[in-house]
Structures are given as C-alpha cells and as structure tokens.
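*Asks:* Pasting a structure here, questions to come.
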Amino acid sequence: MKKIYKHNLNKLIILFVVLMVSSCKKFVELGAPPTQVLFEDAFKTDASAQSAVLGMYTFSAAATNGLLTYLTFYPGISSDELQYNSTDASIQEIANNAMVNTNGYMISMWALNYQLVKNANNNISGLSSSTALTPSVKNQLLGEAKFMRAFAYFHLVNMFGDVPLPLKDDYSAFENAALPRFPASQVYAQIVQDLTDAQSLLPPAYVGSFRGRINKYAATALLARVYLYQKDYANAEAQATQVISSGTYSLPAPEAAFVNTSNEIIWQIGTVSGVTVPGAAYVTTPTVIPAYTLADATYNSFESSTDLRKTNWTVTKTIAGKTYYGISKYKVASGTGNEYNVALRLAEQYLIRAEARAQLNNLSGAKTDLDAVRTRAGLGGVSASLTQAQMLTAVEQERKVELFGEWGHRWYDLKRTERANAVLGALKPTTWKSTAVLFPIPQSQIIINPSLTQNPGYLN
C-alpha cells in the first residue's frame, strides 16, 4: 500500500480499501489526490522535501486554534500570570485549575502537539532514507524536523508528564496508536538526542530572512532550556553561553524587542500579515476588554514604576469601573504589521545561565547575567551580597517580569521549581489542588488506547 504524505492533517486517518470481485480479493493501490503527494515522492527533490518540512512551521498560524494559542494562553491562566476575562466555561475550568478529563481544549492541545510529532516523524523518516537530496539541504531539513519533534515533546512532557513517545512514521501508525505512556525521563532523553542531532546538522547562519527557520543557535537555545529543566546546570550554562557568545544576538530596547527585525530574536514564526497570535489576543481598542490580560499578581510584582518592561509591555485600561492590565509586547492586533510570533529570544538565555550559575554557586556570574537583563529594562544591578537562595529568588522574579505572556514560561517555572503549591494554593485556595500541576490526559484518548493511564486527580 502506498503512503500519502500530507503535512497539515488535523487527525490521523488510516484508510484501507478492500474490493471483492467475484471470487478474487485484493488490495487496490490508489494514486494520491490532486492536492497531495505520495510519501515516497516527497523526498525525491530538494524543492519537494523543503515543502514538506516547511509545512511544520504552520502549526501556530491560526489565531484561535493554532498550537501557539494552547501553549501560551492556557498555561498562562493556569498560573498567576494571565487573567481570563471571557465566559467560555471550559477555559474557566483551566483558569481555576479544575478541569475535567473531557475538557475540549486539552483534547486539542494533545492532538495538535502529536500532529506536529507525526509530521516530524514522517519527515525524519523520509529524509533519512532519501539518497536524492543535496547533502546540505538534507542536513538542514533533517535538523529542522528533529528540532520540531523535540519542541513538541518538550511541551507535551511539561503539560501532561509521562506521555507516549512515537518515533516512527505512518507506516507504523497502528503501533504508534497503541503506545503506553513513557517515563518523563525517557521523553527528555529523546528531546536531548533530537536537539543534539539538530545542532550537528544545522548551520549557524539562517536560511532565508527574518530568522523564521531553525538554525544551530535555535536548537542550542532550546537545549539550554531543556537542560535547565532537568537540573543539569553545567550543560544549561554551557549551551546558553554558546548562544550568548555567538555574537549573533543582542538586547535592544524593550520597545524594539518584538518587531520582526529585532536582533534579540533567535527564532520567530512568520505570518503573512505581520500580525501575531498574541497581538490579536492581547491588544484591543481602549473600550474593549482583552480576553487575556496580565494578572494583578504579576503586574504588581514589578519592582519599579520606571521598569521599561512595565512602561513598554503593559497598558492600563479602566472599563466599567474595573482596571485591566493589557499586554503590549506586540503592538499590532489586526490588518498588517511588522511582527512575527517570537518563540526564542536572547533574554531567556541570560536568565537560563543566571539560574544555572546560581545553582552552581557562581553568584558573581549569575549577577552579571541578571544585570544584563535588568540594565536593558532601565534598572540597576542586583546586590553583590545576595546569598544563593536570594539570587535564585531574584532570578525567578526576573523571569516573571521578563517572560510574561509568552509560551507558558511562568506555569512551567512554578512546576519545575516545585513552587506551584505555595503560589497557586494561596492565590486559588478554593480550587487549587496539588495534582493540578499536570493537565488531564484526554479521556477520549484513553478510550481509543487502553494502554494509556490517567493523571491523578482526573479520574471519573
């Protein structure tokens, strides 16, 4: 049976056609539909292989149902970072950390991440077996595909904990569909392997303009984050240092950090219009309440009213007597603009290295990195007399006011540092429970695949 390659499916469809004629039974091979390409043909030329891989970059394009929505807004309201201001009951469940295992947004979050995994697996398989491609093109595309698989698994393991780990293409669809949950440690090991492979395959120079495709430093930046989450502080420091010391990136003024020509950007996901998913959600006219605003706890945590992040990345609006704190990192909500969806940027690398250095008791080095981020924000440096515990608290604070509204950083930070119970238990005393640090495995997936088990706290 021939396999049809389609890189932007929302659901996995396996179709067997069995035709019975008289006493003769046989499988019939059908050609690809006009808008699709046979899998084995997708990797016969550089152009077709590139088209297949570039399809993975469309995962966040949709403003309301793309993966970026699920990886930014829902973890944001799960923590103390974002406030939800609309009336969708299923989203309110997420904000209250009181989800049921049939929550539709969790079903979509699971499905969209695994769709990206599926596309990456197909591309990795096709590229690896192809002998027709220009070696440099093959390496570039294979590095991008491995990065994307690592990116999807990073979010899956942080959202759901132990998860299935399919690594084969659609020829093994039945096997993939019946996999049990793998330990998080094994998922992380695969993420590290994929990112290490991507580093060796990708060039430091960007392909194309606007830093919209993965290069070596994007893989290195994500690997630095992964090592930090694994508490491998020496490797986290080393990887972040590679990015910081590359000479490729710098920290512009906050008002220029998110335009698509910003030299801080390590990787951004382009749009046709130059309008971003966060911009469309966060930015509204003065009389319209955004669906998502900065939570009071985060807004009030800025240490100074002159912090340039507060003055440039937030906006206060009062509607019907209630004050809301809008997020204005992106300035354009509709029409056309000059902003893309920023996924990796330099400030995070300084904060990764600061935390790693503090954990390694290199407090002067941690101070240097924190001060780099604070100086850009118009603030003075942290005290040189901070203890290790105080330095780690200072790092957490800088991450909170630097990375808000982006890719669920605060949610992940509270969980990986085991601070979620203390912070969210106090903020949401009637709905928070310790098991809420993991999202529910969609019950629909457990019904389909009995090998899956449910996370604690979400059993019927």
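The values are calculated or read from the model by the stated rules, or taken from the named source; none is laboratory data. Note that the structure is a prediction, hence the values are computed from the model and not measured. A quick note on method: Cβ atoms are made from the backbone with ideal geometry, for glycine too, and the neighbour counts reach across all protein chains shown.
*Asks:* Could you figure out which of (1) surrounded by 17 or more Cβ atoms within 10 Å (Cβ to Cβ); (2) out of contact with any helix residue (DSSP H, G or I) (no Cβ under 6 Å at 6 or more places or on another chain); (3) touching a residue at least 60 places away in the same chain (Cβ under 8 Å) isn't true of LYS367?
*Replies:* (3)
*Asks:* For the stretch 155-165, state whether one or more residues are within 18 Å of ALA218 (Cα to Cα) and assigned to a helix (DSSP H, G or I). Please lay out each step first, then the result.
*Replies:* Residues of the stretch 155-165 within 18 Å of ALA218 (Cα to Cα): 155.
Right, trim to assigned to a helix (DSSP H, G or I) and you get 155.
Yes, the conditions are met somewhere in the stretch 155-165.
*Asks:* Let me ask another. Counting only residues that are in a helix (DSSP H, G or I) and surrounded by fewer than 20 Cβ atoms within 10 Å (Cβ to Cβ), how many does the stretch 281-294 have?
*Replies:* 0
*Asks:* Restrict the check to the stretch 230-252 and report whether at least one residue is aliphatic (A, V, I, L, M), under 23 Å from TYR114 (Cα atoms), out of contact with any Cys (no Cβ under 7 Å at 6 or more places or on another chain) and part of a helix (DSSP H, G or I). First the steps, then the outcome.
*Replies:* So the first thing to find is which residues in the stretch 230-252 are aliphatic (A, V, I, L, M), and the list is 234, 236, 238, 240, 243-244, 251.
The next check asks that each one be under 23 Å from TYR114 (Cα atoms); those that pass are none.
Within the stretch 230-252, not a single residue is aliphatic (A, V, I, L, M), under 23 Å from TYR114 (Cα atoms), out of contact with any Cys (no Cβ under 7 Å at 6 or more places or on another chain) and part of a helix (DSSP H, G or I).
*Asks:* What are the residue pairs meeting all of these: first residue in the stretch 220-235, first residue farther than 12 Å from LEU351 by Cα, second residue modelled with pLDDT of 95 or more and part of a loop (DSSP other than H, G, I, E, B), Cβ atoms under 6 Å, and 6 or more apart or on different chains?
*Replies:* TYR233/LEU360
*Asks:* Next question. Just checking, which of TYR458, TYR412 is assigned to a helix (DSSP H, G or I) and among the aromatic types (Phe, Trp, Tyr)?
*Replies:* Working: TYR458 fails: assigned to a helix (DSSP H, G or I).
Within the list TYR458, TYR412, the selection yields TYR412.
*Asks:* Give the residue that is nearest to GLN390 (Cα to Cα), with candidates limited to residues of the stretch 319-346 that are out of contact with any Phe, Trp or Tyr (no Cβ under 8 Å at 6 or more places or on another chain), β-branched (Val, Ile, Thr) and part of a strand (DSSP E or B).
*Replies:* Selected residue: THR323.
*Asks:* Could you tell me whether ILE441 is within 21 Å of the chain's Cα centre (by Cα) and under 23 Å from HIS155 (Cβ atoms)?
*Replies:* In short, yes.
Let's see how each residue does on (1) in contact with an Asp or Glu (Cβ under 9 Å, 6 or more places away or on another chain); (2) at pLDDT 90 or above; (3) part of a strand (DSSP E or B):
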position: ASN65; (1), (2), (3): no, no, no
position: PRO75; (1), (2), (3): yes, yes, no
position: THR87; (1), (2), (3): no, yes, no
position: MET99; (1), (2), (3): yes, yes, no
position: MET109; (1), (2), (3): no, yes, no
position: GLN115; (1), (2), (3): no, yes, no
position: ILE124; (1), (2), (3): yes, yes, no
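*Asks:* Check TYR206, TYR227, TYR217 and return the single one that is closer than 19 Å to ALA343 by Cβ and touching a Pro at 6+ places or on another chain (Cβ under 7 Å). Break it down into steps so the answer makes sense when it comes.
*Replies:* Values: TYR206 fails: touching a Pro at 6+ places or on another chain (Cβ under 7 Å); TYR227 fails: touching a Pro at 6+ places or on another chain (Cβ under 7 Å).
Just one listed residue meets the conditions, TYR217.
*Asks:* Output the number of the condition that ILE214 fails; it satisfies all remaining conditions of (1) more than 22 Å from GLY55 (Cβ to Cβ); (2) in contact with an Asp or Glu (Cβ under 6 Å, 6 or more places away or on another chain); (3) not small (Gly, Ala, Ser).
*Replies:* (1)
*Asks:* To continue, here is another question. Considering only residues that are of a type in the set (A, V, I, L, M), modelled with pLDDT under 95 and within 21 Å of THR314 (Cα to Cα), which ones fall in the stretch 258-281? Can you show your working first?
*Replies:* Of the stretch 258-281, the ones of a type in the set (A, V, I, L, M) are 259, 265-266, 269, 272, 275, 277, 280-281.
Retained after the next criterion (residues that are modelled with pLDDT under 95): 269, 272, 275, 277, 280-281.
Correct list: VAL275, VAL277, ALA280, ALA281.
*Asks:* Oh, and also: Scan the stretch 33-48 residue by residue and report those that are at pLDDT 80 or above, more than 10 Å from ALA132 (Cβ to Cβ) and among the charged types (D, E, K, R).
*Replies:* ASP41 - this is the single residue of the stretch 33-48 that is at pLDDT 80 or above, more than 10 Å from ALA132 (Cβ to Cβ) and among the charged types (D, E, K, R).
*Asks:* Hey, another quick one. Tell me, yes or no, whether the stretch 303-316 has at least one residue that is outside any loop (DSSP other than H, G, I, E, B), in contact (Cβ under 8 Å) with a residue 24 or more places away in the chain and under 18 Å from the mean Cα position of the chain (by Cα).
*Replies:* no
*Asks:* Across the stretch 162-180, what is the number of residues that are modelled with pLDDT of 95 or more and buried (at least 18 other Cβ atoms within 10 Å of the Cβ)?
*Replies:* Residues flagged as modelled with pLDDT of 95 or more and buried (at least 18 other Cβ atoms within 10 Å of the Cβ) within the stretch 162-180 amount to 5.
This table checks each residue for (1) small (Gly, Ala, Ser); (2) touching a residue at least 40 places away in the same chain (Cβ under 8 Å); (3) not in a loop (DSSP other than H, G, I, E, B).
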position: ARG357; (1), (2), (3): no, yes, yes
position: ALA372; (1), (2), (3): yes, yes, yes
position: LEU379; (1), (2), (3): no, yes, no
position: THR393; (1), (2), (3): no, no, yes
position: ARG399; (1), (2), (3): no, yes, yes
position: TRP407; (1), (2), (3): no, yes, no
position: ASN421; (1), (2), (3): no, no, yes
position: SER451; (1), (2), (3): yes, yes, no
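*Asks:* Would you point out which residue out of PHE210, PHE258 is closer than 19 Å to GLN140 by Cα, part of a loop (DSSP other than H, G, I, E, B) and in contact with a Ser or Thr (Cβ under 9 Å, 6 or more places away or on another chain)? So that I can check it myself, show each step before the final result.
*Replies:* Numbers: PHE258 fails: closer than 19 Å to GLN140 by Cα.
Step by step, each of PHE210, PHE258 is checked, and only PHE210 is closer than 19 Å to GLN140 by Cα, part of a loop (DSSP other than H, G, I, E, B) and in contact with a Ser or Thr (Cβ under 9 Å, 6 or more places away or on another chain).
*Asks:* Check GLN349 against each of (1) in a helix (DSSP H, G or I); (2) touching a strand residue (DSSP E or B) at 6+ places or on another chain (Cβ under 9 Å); (3) surrounded by fewer than 19 Cβ atoms within 10 Å (Cβ to Cβ); (4) among the polar types (S, T, N, Q) and name the one condition it does not meet.
*Replies:* Of the numbered conditions (1) in a helix (DSSP H, G or I); (2) touching a strand residue (DSSP E or B) at 6+ places or on another chain (Cβ under 9 Å); (3) surrounded by fewer than 19 Cβ atoms within 10 Å (Cβ to Cβ); (4) among the polar types (S, T, N, Q), the odd one out for GLN349 is (3).
*Asks:* Select from the stretch 107-121 the residues that are under 15 Å from the mean Cα position of the chain (by Cα) and within 15 Å of ILE446 (Cβ to Cβ) and list them in ascending order.
*Replies:* Passing the criteria: TRP110, ALA111, TYR114.
*Asks:* Something else about it: Looking only at the stretch 72-112, count every residue that is touching a residue at least 12 places away in the same chain (Cβ under 8 Å) and acidic (Asp, Glu) and tell me the total. Before you say what the answer is, go through the steps one by one.
*Replies:* Kept after step one, since they are touching a residue at least 12 places away in the same chain (Cβ under 8 Å), are these residues of the stretch 72-112: 72-86, 90-91, 94-112.
With the extra rule that they be acidic (Asp, Glu), the set shrinks to 80-81.
Counting residues in the stretch 72-112 that are touching a residue at least 12 places away in the same chain (Cβ under 8 Å) and acidic (Asp, Glu) gives 2.
*Asks:* Moving on. Filter the stretch 399-427 down to the residues that are over 20 Å from the mean Cα position of the chain (by Cα) and on the phi < 0 side of the Ramachandran plot and list them by number. Step through it out loud before you land on a result.
*Replies:* Going residue by residue through the stretch 399-427, those that are over 20 Å from the mean Cα position of the chain (by Cα) are 418-419, 421-427.
ARG419, ASN421, ALA422, VAL423, LEU424, GLY425, ALA426, LEU427 - these are the residues of the stretch 399-427 that are over 20 Å from the mean Cα position of the chain (by Cα) and on the phi < 0 side of the Ramachandran plot.
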